[in-house]
């Protein structure tokens, strides 16, 4: 059996000598992506701009996947600094980044993946009173908005604002995809994309549906889990605002973030949302 690697005296592995008859493949940063989407697809991704609101477990992993997936421009927003408790799920959380603003760590990660990326990073607190003002003057530059924030009132305000453009035939408002709850979930195979009003079993979706109808929101595309949440052990004496009854498995928010990135990338490329509808490209 031929050895794949030769063990050197220094204790390092050396690759075998290349076969001169072997075709040399392009192994540059986007080479494997280009095999899937072609040069035209790469150009679409390079020219696209995605706004990601919130850089927690879902948002940070979404941004990383978008950067690796060839997206050229980003607008990222978060108010917080990295904490030790973020390490179990956030792409930007390491012992070396604790205490640093999330937007700074995220921007550095994007540029480490793609030095040519264009980034606008805002350390800004998004709530129901600030989110429309923040988003409105950037709409003409954005193709997709990924809502990965936690505040229900801000999510609803943003959804209502984007939904209001549906009555304008020539509207160029970006597509909004909103992430629902990742806490207290164990089974990522229960994640799916759906209209908000078709969701089941998700406590956050239940609140969003009720308030969405009250506010006249007609449509909101969401990523949610149909899994019944498990009961996490709360901390005795903690306040409701501390949300000590919410726990997170390490793999759940990253998978949601990756799925959101896939949704956005497919949309930019014009690939059907469902694999059943896909033709070879």
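Answer yes or no as to whether residue 153 is loosely packed, with under 15 Cβ neighbours inside 10 Å, at pLDDT 95 or above and within 30 Å of residue 88 (Cα to Cα). Yes; evaluated as a whole, the condition is true for this residue. Scanning the range 133-149 for residues that are surrounded by fewer than 17 Cβ atoms within 10 Å (Cβ to Cβ) and either touching a helix residue (DSSP H, G or I) at 6+ places or on another chain (Cβ under 9 Å) or closer than 19 Å to residue 57 by Cβ (or both) returns 136, 139. Any residue in the range 64-71 that is in a strand (DSSP E or B), surrounded by 17 or more Cβ atoms within 10 Å (Cβ to Cβ), touching a residue at least 12 places away in the same chain (Cβ under 8 Å) and within 15 Å of the chain's Cα centre (by Cα)? No, the range 64-71 has no match at all.
Residues in the range 76-110 that are loosely packed, with under 14 Cβ neighbours inside 10 Å and not in a loop (DSSP other than H, G, I, E, B) were compared, and the one that is modelled with the lowest pLDDT is 85.
To keep it simple, each residue is scored yes or no on (1) at pLDDT below 95; (2) in contact with a strand residue (DSSP E or B) (Cβ under 8 Å, 6 or more places away or on another chain); (3) exposed (fewer than 15 other Cβ atoms within 10 Å of the Cβ); (4) within 30 Å of residue 36 (Cα to Cα).
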{"residue": "201", "(1), (2), (3), (4)": "yes, yes, yes, no"}
{"residue": "233", "(1), (2), (3), (4)": "yes, no, yes, no"}
{"residue": "272", "(1), (2), (3), (4)": "yes, no, yes, yes"}
{"residue": "279", "(1), (2), (3), (4)": "yes, no, yes, yes"}
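Tallying residues that are surrounded by fewer than 18 Cβ atoms within 10 Å (Cβ to Cβ) and either part of a helix (DSSP H, G or I) or modelled with pLDDT under 90 (or both) within the range 211-227 yields 4. Taking residue 51 as the residue in question, decide whether it is part of a helix (DSSP H, G or I) and closer than 30 Å to residue 153 by Cβ. So residue 51 fails the test.
The values are calculated or read from the model by the stated rules, or taken from the named source; none is laboratory data. What you see is a predicted model, and the numbers here were worked out from it, not measured in a lab. Cβ sites come from the backbone with ideal geometry, for glycine too, and all protein chains shown count toward neighbours.
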